[in-house]
Amino acid sequence: MEKLYEGKAKIVYPGPEAGTYRVYYKDDATAFNAQKRGTIAGKGVVNNRISAQLFRYLEAHGVPTHFLRELSEREMLVRQVEIVPLEVIVRNRTAGTFAKRYGVEEGRPLARALVEFSLKNDALGDPLIYDEAALALGLLSEGELARIRELALRVNEALKAFFLERGLELIDFKLEFGRLPDGTIVLADEISPDTMRLWEVGTGEKMDKDRFRRDLGGVEEAYQEVLRRVVGGAG
Ligand SMILES: Nc1ncnc2c1ncn2[C@@H]1O[C@H](COP(=O)(O)OP(=O)(O)OP(=O)(O)O)[C@@H](O)[C@H]1O
Ligand SMILES: [Mg+2]
């Protein structure tokens, strides 16, 4: 089947029915705007299965998503959407670029959950964008912006609780949203250890792509352990 799009982590193919896509999850890993490249063995399987599980969980918690069903170990069927060209980042503790930008240590709890936006533009390095600028550029409407913020915070509350029951703290994560043909905003793309920071409760051990970014070792093991906890249930 002909590829529609090959990104850094996934390949998008036409789906079996009109208005659907088949998304294939690769083992390729990139970091720092693709300046660092590598592979994480088994990552595609882990991320497909974790994303599927989390999309199902979020649907049950009032968040509409693009997810339809799993097709294979590495593939899911999703609804085709028009991606809103923003990366929607939700933060509970300081980490990564946020900590660097404001000169604070990593791991400081934020007084309130923060929703940040960056422009989806690899050539520009996905720059931070004010919501006023996104509106002025016509990237989305005011109603869509309010809806995305509401859904992002709902995802945060649901996922924080989900992971805490599994001994993991949700530090921050990136979401992408899209429009269905009727204009409905739904959660799209993926939710996986590539797109979240998860720290082990108690030890603070990193269980996400920071192990790859920072050469901490045990990358595959961390991804497998997150999958085990996600599918294994609470406790
Ligand atoms: N339901 C959907 N409908 C249409 N496009 C989607 C959907 N879900 C995800 N996408 C898009 O499919 C692509 C998935 O590929 P991948 O995550 O590998 O891209 P990427 O390398 O991160 O690049 P970028 O996100 O900058 O395009 C992304 O461009 C993502 O925005
Ligand atoms: Mg991506």
Inset, instruction - Give the number of residues within the range 179-217 that are surrounded by fewer than 20 Cβ atoms within 10 Å (Cβ to Cβ) and touching an Asp or Glu at 6+ places or on another chain (Cβ under 9 Å). - result: 8
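When you go through 49, 69, 56, 37 one by one, which is the residue that is among the basic types (Lys, Arg), away from ligand 1 (no atom under 14 Å from the Cβ) and free of Cβ contacts under 8 Å to residues at least 40 places away in the same chain?
Numbers: 49 fails: free of Cβ contacts under 8 Å to residues at least 40 places away in the same chain; 69 fails: away from ligand 1 (no atom under 14 Å from the Cβ); 37 fails: away from ligand 1 (no atom under 14 Å from the Cβ).
Answer to the check: 56.
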Inset, instruction - Could you tell me which residue of the range 6-32 is nearest to residue 78 (Cα to Cα), considering only residues that are in contact (Cβ under 8 Å) with a residue 24 or more places away in the chain and aliphatic (A, V, I, L, M)? - result: 23
Legend entry - Per-region count, the range 206-230, residues touching a residue at least 12 places away in the same chain (Cβ under 8 Å) and assigned to a loop (DSSP other than H, G, I, E, B): 3
Legend entry - Filter result (surrounded by fewer than 18 Cβ atoms within 10 Å (Cβ to Cβ) and either in contact with a strand residue (DSSP E or B) (Cβ under 9 Å, 6 or more places away or on another chain) or among the β-branched types (Val, Ile, Thr) (or both)) within the range 127-142: 127, 128, 130, 133, 137
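Quick check: is even one residue across the range 66-86 farther than 30 Å from residue 14 by Cα and assigned by TED's automatic domain parsing to the domain that holds residue 172? Don't jump to the end; show me each part of the working.
At the first step, the residues of the range 66-86 found to be farther than 30 Å from residue 14 by Cα are none.
Scanning the range 66-86 turns up no residue that is farther than 30 Å from residue 14 by Cα and assigned by TED's automatic domain parsing to the domain that holds residue 172.
Can you give me the ranges of the helices (runs of 4 or more DSSP H) entirely in the range 18-136 with at least 3 residues that are over 16 Å from the mean Cα position of the chain (by Cα)?
Details: elements: 43-60, 96-102, 131-136.
Passing ranges, in order: 96-102, 131-136.
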Inset, instruction - Output the number of the condition that residue 117 fails; it satisfies all remaining conditions of (1) closer than 24 Å to residue 46 by Cα; (2) within 16 Å of ligand 2 (Cβ to nearest atom); (3) touching a Leu at 6+ places or on another chain (Cβ under 7 Å). - result: (1)
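Is at least one residue of the range 50-63 in the same structural domain as residue 179 (by TED's automatic domain parsing), of a type in the set (S, T, N, Q), modelled with pLDDT of 95 or more and closer than 21 Å to residue 155 by Cα? Before the answer, list the steps.
Keep residues of the range 50-63 that are in the same structural domain as residue 179 (by TED's automatic domain parsing), which gives none.
Checked the range 50-63: no residue is in the same structural domain as residue 179 (by TED's automatic domain parsing), of a type in the set (S, T, N, Q), modelled with pLDDT of 95 or more and closer than 21 Å to residue 155 by Cα.
From the residues in the range 177-195 that are charged (D, E, K, R) and farther than 13 Å from residue 80 by Cα, which one is farthest from ligand 1 (Cβ to nearest atom)?
Kept after step one, since they are charged (D, E, K, R), are these residues of the range 177-195: 179, 182, 189-190, 194.
Subsequent filtering for residues that are farther than 13 Å from residue 80 by Cα retains 190, 194.
Details: 190: 7, 194: 8 Å.
So, considering only residues that are charged (D, E, K, R) and farther than 13 Å from residue 80 by Cα, the one farthest from ligand 1 (Cβ to nearest atom) is 194.
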Inset, instruction - For residue 160, indicate whether it is crowded, with 20+ Cβ neighbours inside 10 Å and basic (Lys, Arg). - result: no
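The values are calculated or read from the model by the stated rules, or taken from the named source; none is laboratory data. Here the structure is a predicted model, which means the values were calculated and not measured. Virtual Cβ from ideal backbone geometry, glycine too; neighbours counted across all protein chains shown.
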